[in-house]
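Asks: Take a look at the following structure, please.
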Amino acid sequence: FPAHRGNMAFPTMIQSKVRILLRLLWCKQTAGSKAFRSRLVLGIETSCDETGAAVMDESGAILGESLHSQKEVHLRTGGIIPTVAQALHRGNIERVVQEALDRSAVAPAQLAAVAATVKPGLALSLAVGLSFSQRFVRHHNKPFIPVHHMEAHALTVRMLQPLHFPFLVLLVSGGHALLAVARGVDDFLLLGRTLDEAPGDTLDKVARRLSLRKLPRCAALSGGQAIELLAQDGDRKRFRFRTPMGQTPDCCFSFAGLRNQVTLLIQKQEAEEGVEEGTVLSCVSDIAAATQHTVASHLAKRTHRAVLFCRTNRLLPSQNPTLVLSGGVASNQYIRKALAVVAEATGLQLLCPPSRFCTDNGAMVAWNGVERLREGIGILAPEVEVSYEPRAPLGVDITAEVRAAAIRLPSIRIKIP
Amino acid sequence: MSMFSPFNTTAMATETNQETGKLEFFLDVPFPSSREATMALRSLSPDREPRRGGISKQLSVSGSTLSVRWSADEARILRVSVNSFLDHLSLVVETMELFGPPVDL
């Protein structure tokens, strides 16, 4: 019997077999040791002193990553020298990116986009990451997503667990301190920022002035880590420092005055003990403990005020409002505990990414790329020219409104066991 | 007439070849790599049609897609052949799945 074009109905048996086959074949393409969901993003980070790269899928799973830290070099020189940092970035970026790709078994052609930090940070460091990324995307013809370093830190938690907007975020690192409400992937309200130094920088400089590097157990640690270690054995009440900005009821921070207090105390102790600068004092653990406590206390009080401001102005959800703590200084467990006390007292959930995602890394940049890719915002064609910006404020600045609110804090006992 | 899969990957089509009057059926099967498509090709090629007359098929690989073309006199014979081919193909795919991706020895 002849069958005419269009008259042949596909028997259900064949249809169902095809469906089963399709499911098998499609699963084959997506399963394997690393199950990945649709699009892949390569994230590149070079804003300061760490060269990081990571390949990530849309679910936030890291397929492969690599990091080169310049910490050791800068510790030896006693601080970050921008030209040194730049040279180190230049010397490592290609290798770091290639390692991330190799470890994820992903070829550049398979990427959906490349995301890279373009602001804020050290100009010379940013330049390396940006020029590498632009060459990369032009060579492989991939979309480019410029990323704001602080936004990336703020959204890191969303890579690890479900967290809805809006939430309050305290970002504290070697270069930044800020309090903001994250309302969307590129929508932030800035409640407060540091007026002089960043707390990480303060801790590092105090550690340097105390010559903590000379202690064997602190030799491989950054300044902040050394302070935290010594503080464990120190008596924080032996020396008292004034918590900064007690007269200013807003959410901004200041650490330079505190560092000055610490420096004066160190000089006084050196005179009393009859030692030269460069010798480790006997009371070093107590000084470390007091410094750390004052930093933690200052951060906690500002955050407390921020929560009250948010509640008054309905900036946070009534259901399960969240405080996110991120940035390099967030790795400090004492500071985390201080913020936990505030969170508990104000009925907020405290979330903190694991230490390795609090410090600079490629994964958080890749994640920011994923978030932007999902929303379809800030995605550029490879040929578009992009410049880096060493200074870049976060979001919309409402620090003036916060200051005008002049919120007085009820006292909370920051008692950390 | 052609039917496309929900994932837009496999294409099937039936036509009547105007010159020969025979029914033709095309099936394109996507594999994750050309190696796997070729492995499937080699596993399925030796199967001859039980009924020599009235039906013939051709298998080929292009990129990572296995393509099969049937040419038949009657719809019934075509249907039987396609059905049994799909059974064999399922067996091949499931076996490949069980053994994992190809390794270089």
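The values are calculated or read from the model by the stated rules, or taken from the named source; none is laboratory data. These numbers come from a predicted model, not from an experiment. Neighbour counts are summed over all protein chains in view; Cβ atoms, including those assigned to glycine, are modelled from backbone coordinates with ideal geometry. Heavy atoms of the whole protein, side chains included, go into the accessibility calculation; ligands, DNA and RNA do not. Shrake-Rupley method; radii C 1.70, N 1.55, O 1.52, S 1.80 Å.
Asks: Between rounded, prolate and oblate, where does the range A:315-359 land on the alpha carbon gyration tensor, with a ≥ b ≥ c its root eigenvalues, rounded for a/c under 1.5, else prolate if a/b exceeds b/c?
Replies: Note, shape of the range A:315-359 comes out oblate.
Asks: Suppose R0 equals 45 Å; then what is the FRET efficiency for A:GLU270 and A:ALA123 from their Cβ-Cβ distance, rounded to the nearest 0.05?
Replies: Calculated transfer efficiency: 0.80.
Asks: Still on this structure: Compute the FRET efficiency between A:GLN232 and A:SER411 as 1/(1 + (r/R0)^6), taking r as their Cβ-Cβ distance and R0 = 25 Å, and round to the nearest 0.05.
Replies: In this case the efficiency is close to 0.45.
Asks: Please sort by residue number the GluC sites (Glu not before Pro) in the range A:350-396 whose DSSP state is loop and whose Cβ has at most 13 other Cβ atoms within 10 Å.
Replies: A:GLU383, A:GLU385
Asks: Another question, if that's okay. Taking the Cα-to-Cβ direction at B:VAL80 and at A:VAL384 and moving 7 Å from each Cα, how far apart do the two end points lie in nm?
Replies: Label at B:VAL80, label at A:VAL384, 6.2 nm between them.
Asks: Kindly list the residues of the range A:352-387 that lie in the label zone of A:ARG39, defined by a backbone N under 13 Å from the point 7 Å along the Cα-to-C-beta vector.
Replies: Inside the label zone: A:367-381.
Asks: For a test of understanding, tell me how many lysine pairs in chain A have Cα atoms under 23 Å apart, given they are 8 or more places apart or on different chains.
Replies: 19
Asks: To continue, here is another question. With charges set only on the Cβ (+1 for Lys and Arg, -1 for Asp and Glu), what does the dipole of the protein assembly as shown come to about its Cα centre, in debye to the nearest 20?
Replies: For this selection, approximately 1000 debye.
Asks: When the chain is fully extended, how far beyond the present Cα-Cα distance does A:GLN161 get from A:ILE20, taking 0.36 nm per residue of separation?
Replies: Full extension of this stretch gives 47.4 nm more.
Asks: Let me ask something else. Answer with one residue from A:VAL324, A:GLN225, B:SER81: the one whose Cα lies farthest towards the positive end of the charge dipole of the protein assembly as shown, charges on Cβ with Lys, Arg +1 and Asp, Glu -1.
Replies: Result: A:VAL324, furthest along the dipole toward the positive end.
Asks: Right, something else. Give me the extension gain from A:GLU401 to A:ARG217: residue separation times 0.36 nm, minus the current Cα-Cα distance, reported in nm with one decimal.
Replies: 61.7 nm
Asks: Using a 10 Å cut-off on Cβ to Cβ distances, tally the other chain neighbours for every residue of A:16-22 and report the average as a whole number.
Replies: Counting Cβ atoms of other protein chains within 10 Å of each residue's Cβ and averaging gives 6.
Asks: Which of rounded, prolate or oblate describes the range A:262-417 when judged by the alpha-carbon gyration tensor and an a/c cut-off of 1.5?
Replies: Oblate, because a/c is 1.5 or more while a/b does not exceed b/c.
Asks: Am I reading the B/A interface right? What is its buried accessible area, both sides, 1.4 Å probe, to the nearest 100 Å²?
Replies: Using a 1.4 Å probe, the pair buries roughly 2700 Å².
Asks: Could you tell me what percent of the accessible area of chain A is made up of carbon and sulfur, with a 1.4 Å probe and every protein chain present?
Replies: That fraction is 51 percent.
Asks: Something else now. Using +1 at the Cβ of each Lys and Arg and -1 at the Cβ of each Asp and Glu in the range A:254-299, identify which of A:GLN267, A:THR279, A:THR291 lies farthest towards the dipole's positive end.
Replies: A:THR291
Asks: Can you give me the distance in nm between label points at B:SER56 and A:ALA109, each placed 7 Å from the Cα along the Cα-to-Cβ direction?
Replies: 3.5
Asks: Considering the Cα positions of the protein assembly as shown, please state its Rg to one decimal place and its Dmax as a whole number of Å.
Replies: Rg and Dmax of the protein assembly as shown, Cα atoms, are 31.3, 112 Å.
Asks: Trypsin sites (Lys or Arg not before Pro), restricted to the range B:20-85: which are DSSP loop and have at most 16 other Cβ atoms within 10 Å?
Replies: Passing both the DSSP loop test and the Cβ count: B:ARG48, B:ARG51, B:ARG52.
Asks: Still on this model: So for the range A:219-361, averaging the separation of alpha carbon pairs under 8 Å that are six or more residues apart and normalising by length, what relative contact order in percent results?
Replies: It comes to 28 percent, rounded to a whole number.
Asks: Can you figure out the FRET efficiency of A:THR279 with B:PHE99, using R₀ = 51 Å and their beta-carbon distance, to the nearest 0.05?
Replies: 0.15
Asks: Relative contact order for the range A:55-103 using alpha-carbon pairs under 8 Å, separation at least 6, rounded to a whole percent?
Replies: 51
Asks: Pull out a ≥ b ≥ c, the square roots of the eigenvalues of the alpha-carbon gyration tensor of the range A:339-381, then state rounded if a/c is under 1.5, prolate if not and a/b is larger than b/c, and oblate in the remaining case.
Replies: Taking the square roots of the gyration eigenvalues as a ≥ b ≥ c, the range A:339-381 is oblate.
Asks: Something else: Over chain A, average the accessible area per residue using a 1.4 Å probe and give it in Å², no decimals.
Replies: 44
Asks: Could you go through the range A:156-166 in sequence order and give the Karplus-derived ³J(HN,Hα) for each residue, using 6.51 cos²θ - 1.76 cosθ + 1.60 with θ = phi - 60°, rounded to whole Hz, and x for Gly and Pro?
Replies: 3, 4, 5, 6, 9, 7, x, 8, 8, 6, x
Asks: Mind listing the long-range amide H neighbours of A:GLN349? Cut-off is under 5 Å, sequence gap 5 or more, other chains count too, H placed in the peptide plane at 1.01 Å from N.
Replies: Amide H to amide H, under 5 Å and 5 or more residues apart or across chains, A:GLN349 pairs with A:THR322, A:LEU323.
Asks: Assign unit charges at the C-beta atoms only (+1 for Lys and Arg, -1 for Asp and Glu), then state the dipole size of the range A:94-158 relative to its Cα centre in Debye, rounded to the nearest 20.
Replies: Roughly 120 debye for the range A:94-158.
Asks: I'd like the accessible area for A:LEU21, computed on protein heavy atoms only with a 1.4 Å probe and all protein chains in place. Round to 10 Å², please.
Replies: Around 10 Å² of this residue is reachable by solvent.
Asks: Given Cα pairs under 8 Å that are at least 6 residues apart, what percent is the relative contact order of the range A:280-417?
Replies: Computed over the range A:280-417, the figure is 30 percent.
Asks: If you find the alpha carbon centre of the range A:300-337 and of the range A:186-251, how far apart are they in angstrom?
Replies: Between the Cα centre of the range A:300-337 and that of the range A:186-251, the gap is 19 Å.
Asks: Taking loop as defined by DSSP and a crowding limit of 16 other beta carbons within 10 Å, which trypsin sites (Lys or Arg not before Pro) in the range A:237-317 fit?
Replies: A:LYS237, A:ARG238, A:ARG240, A:ARG242, A:ARG314
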